[in-house]
Amino acid sequence: QKYRFAYRIRVENLPSNNKSVQLLGRTWNIQELNEHGHFVGDPVHVYAPTTGAVGHLPVIHPGETFCYTSGCELETEKGTMDGCFHMAVVDPETAQYAMVGDPNVTPLREEYEGTKFEMPVGPFPLVYPRTN
């Protein structure tokens, strides 16, 4: 049996930050847990630093947020995820919305290559709901 999980992520660029950032991709570590909360098997490592989040490559200006919903499938009723978003500081005039594969999406300009950084995402639980 497989268990499907949905999760919602909210990325906020705080108003106190005076820089616009672009979400370029993500890395996830997904670990299954047994009924006692112990790790089962090896973690799944998803390394996708250039494919955005669900295909989106958002530019997030100070005070703005980007939210998305995604999911994963496990063979156990419990799991945990953590990882990071691959980000870059970009010019505030950068187009705010793009999708991976759009013909008008240009690669990150060379002057911003040195502004890349990883934004950590702390662990969060995946728990299959029990019904009585």
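Share of the chain's accessible area from carbon and sulfur, percent, 1.4 Å? C and S atoms contribute 52 percent here. The lysines whose alpha-carbon is closer than 16 Å to the alpha-carbon of Lys19, local same-chain residues fewer than 8 away aside, are Lys116. Each Cα pair of the stretch 1-100 feeds into the Kirkwood radius, which the Stokes-Einstein equation turns, at 10 °C and 1.306 mPa s, into a diffusion coefficient of 106 µm²/s.
Site pair Val46 and Tyr68 shows an inter-label distance of 1.0 nm when each label is modelled 7 Å from Cα along Cα→Cβ.
When the inverse distances between all different Cα atoms of the stretch 1-40 are averaged and flipped, the Kirkwood radius reads 14.3 angstrom.
Calculated accessible area for the chain comes out at 63 Å² per residue, all protein chains present (probe 1.4 Å; ligands, DNA, RNA ignored). Computing FRET efficiency as 1/(1 + (r/R0)^6) for Asn17 and Glu75, where r is the C-beta to C-beta distance and R0 is 41 Å, gives about 0.55. Local charge for Ser20 was computed over the other residues whose Cβ lies under 10 Å away, with Lys and Arg +1 and Asp and Glu -1, and equals -2. Annotation: Leu14 carries an accessible surface of approximately 90 Å², with a 1.4 Å probe and no ligand, DNA or RNA atoms counted.
The values are calculated or read from the model by the stated rules, or taken from the named source; none is laboratory data. For clarity, every value in this text was computed on a predicted model and none was experimentally measured. Methodologically, a virtual Cβ is constructed for each residue, glycine included, from the backbone with ideal geometry; neighbour enumeration extends over all protein chains shown. For accessibility, only protein heavy atoms count, side chains too; no ligands or nucleic acids. Shrake-Rupley method; radii C 1.70, N 1.55, O 1.52, S 1.80 Å.
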